[in-house]
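In what follows, a single structure is set out as structure tokens and then discussed.
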Amino acid sequence: MSLDCGRKPEYPQLYLATCFSSGLSLAVQRFSQSLQEFQFECIGDAETDDEINIAQSLKEFSQLLSTMEEERKRLIQNADDVLISPLERFRKEQIGAVKEGKKQFDKETERYYSVLEKYLSVSSRKKESQLQEADSQMDKDRQIFYDASLQYVFKIQEVQERKKFEFVEPVRLQT
């Protein structure tokens, strides 16, 4: 059974909810339409008062169902506009940047630890100038590693702060 409900199955729960929602919407619309078109089969030429009242009630109920369905669609669209789309955009832009920062940090960590390993294996019997050069290079590499660490932490902190102002505040104001 193949369902195409307008969203990629990137988020299976959201995909299923969207499919269920559109299936429900279609069913409510069809039911409302069938209530609107409902006709009693009369034995005679005229309908009784009860049949007229029931038919009128069914038409009013049909209009109520249609109105409720329109409002439900509007609510879902609003939720998509206010929550889902911004969350997807935030995930792609902000979280993606942090993932790239993590890759850079991991790369720098690996490089730093290999340099540290080489530094620790340097024999203390080497010349003083070679030891000073190794110390100097190790300090430079340590500083590069610390900078990469701080950049990664900064990106994580930035995402945490943006999350508060881009989602928590607008949602709080909506309620």
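Scanning segment 116-134 for residues that are within 23 Å of Ile144 (Cα to Cα) and of a type outside the set (Phe, Trp, Tyr) returns Leu116, Glu117, Lys118, Leu120, Ser121, Val122, Ser129, Gln130, Leu131, Gln132, Glu133, Ala134. Of all the listed residues (Ser121, Ser57, Ser66), the sole one being hydroxyl-bearing (Ser, Thr, Tyr) and loosely packed, with under 11 Cβ neighbours inside 10 Å is Ser121.
Assessment of segment 47-58 against the conditions (assigned to a helix (DSSP H, G or I), among the β-branched types (Val, Ile, Thr) and closer than 30 Å to Phe167 by Cβ) yields no matching residue. Taking the conditions (1) surrounded by 11 or more Cβ atoms within 10 Å (Cβ to Cβ); (2) of a type outside the set (Lys, Arg); (3) modelled with pLDDT under 90; (4) assigned to a helix (DSSP H, G or I) in turn, Tyr146 satisfies each one other than (3). Considering (1) at pLDDT 85 or above; (2) out of contact with any Asp or Glu (no Cβ under 8 Å at 6 or more places or on another chain); (3) aliphatic (A, V, I, L, M); (4) farther than 30 Å from Gly23 by Cα, the lone condition that Ile43 does not fulfil carries the number (1). On inspection, Glu93 does not qualify as assigned to a helix (DSSP H, G or I) and under 26 Å from Gln29 (Cα atoms).
Which of the residues spanning segment 96-141 are outside any helix (DSSP H, G or I) and β-branched (Val, Ile, Thr)? Result: Val122, single match. Scanning segment 72-107 for residues that are more than 19 Å from Arg162 (Cα to Cα) and among the basic types (Lys, Arg) yields Arg72, Lys73, Arg74, Lys103, Lys107.
Quick check on this structure: which one of Phe165, Phe154 is of a type in the set (Phe, Trp, Tyr), more than 27 Å from Asp80 (Cα to Cα) and part of a helix (DSSP H, G or I)? If you could, list the steps in order and put the result at the bottom.
Working: Phe165 fails: more than 27 Å from Asp80 (Cα to Cα).
Of the residues listed, the single one that is of a type in the set (Phe, Trp, Tyr), more than 27 Å from Asp80 (Cα to Cα) and part of a helix (DSSP H, G or I) is Phe154.
Counting the residues of segment 69-106 that are over 30 Å from Ser149 (Cα atoms), without any contact (Cβ under 8 Å) to a residue 12 or more places away in the chain and either aliphatic (A, V, I, L, M) or exposed (fewer than 14 other Cβ atoms within 10 Å of the Cβ) (or both) gives 9.
When you scan segment 116-136, do you find a residue that is within 30 Å of Phe40 (Cα to Cα) and of a type outside the set (Asp, Glu), even just one? No, every residue in segment 116-136 fails to be within 30 Å of Phe40 (Cα to Cα) and of a type outside the set (Asp, Glu).
The values are calculated or read from the model by the stated rules, or taken from the named source; none is laboratory data. Not measured: the values here are computed from a predicted model. No Cβ is skipped: glycine too gets one built from the backbone with ideal geometry, and neighbour counts run over all protein chains shown.
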